[in-house]
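K.L.:
A single structure is presented below for examination.
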Amino acid sequence: MREFTILIGQLFFIALLQTVLELFIDPKEKPKHVQILNIACIIGSLYLLLQFVFQYLMGEISTFVNFSF
């Protein structure tokens, strides 16, 4: 449960950072910069989520289910 709380905190920090950086970038002047920022934040969040899944959840699931690989 501690790891899940850390994951939620990290995702919240990414969302907060994205919001703050969007304040400094004017979407009307630089729409490509906003798109790049959004994509970077989504990729960062996805990386953290996949890391959590493979590091913690797969170990827990494998104790209940016998995988063939």
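The values are calculated or read from the model by the stated rules, or taken from the named source; none is laboratory data. Keep in mind the model is a prediction, meaning the values are calculated, not measured. Counting neighbours? That spans all protein chains shown, and the Cβs are built from the backbone with ideal geometry, glycine included. Protein only, heavy atoms only, side chains kept; ligands, DNA and RNA dropped before computing areas. Shrake-Rupley method; radii C 1.70, N 1.55, O 1.52, S 1.80 Å.
K.L.:
Placing unit charges on C-beta atoms (Lys and Arg positive, Asp and Glu negative, everything else neutral), compute the dipole magnitude of segment 1-45 about its Cα centre in debye, rounded to 20. Write down the numbers at each step before the final one.
P.N.:
On the way: 4 positive and 4 negative charges, 12 e Å.
About 60 debye.
K.L.:
Counting only heavy atoms of protein chains, what accessible area per residue, in Å², does the chain have with a probe of 1.4 Å?
P.N.:
Values: 5920 Å² over 69 residues.
For the chain, the solvent-accessible area averages 86 Å² per residue.
K.L.:
Could you calculate the contour length gain from VAL20 to VAL65, that is, 0.36 nm times the residue separation minus the distance between their Cα atoms, to one decimal place in nm?
P.N.:
Values: separation 45, 0.36 × 45 = 16.20 nm, distance 4.30 nm.
Additional length available on full extension: 11.9 nm.
K.L.:
With each run of n ≥ 4 DSSP H residues scored as -39500 (n - 2.57), what mean residue ellipticity at 222 nm is computed for the chain after dividing by its residue count and rounding to the nearest 500 deg cm²/dmol? Don't skip to the end; give the middle numbers.
P.N.:
Working: 3 runs with 52 residues, N = 69.
The per-residue figure over the chain is -25500 deg cm²/dmol.
K.L.:
Sticking with this one: Which percent of the accessible area of the chain is formed by carbon and sulfur heavy atoms (probe 1.4 angstrom)? Walk me through the intermediate numbers first.
P.N.:
Working: 4210 of 5920 Å².
Result for the chain: 71 percent of the exposed heavy-atom area is carbon or sulfur.
K.L.:
Right, another one. If I fit a long axis through the Cα atoms of helix 2-24 and take the longest principal axis of the Cα atoms of the chain, what angle between them do I get, 0 to 90°, rounded to 10?
P.N.:
10
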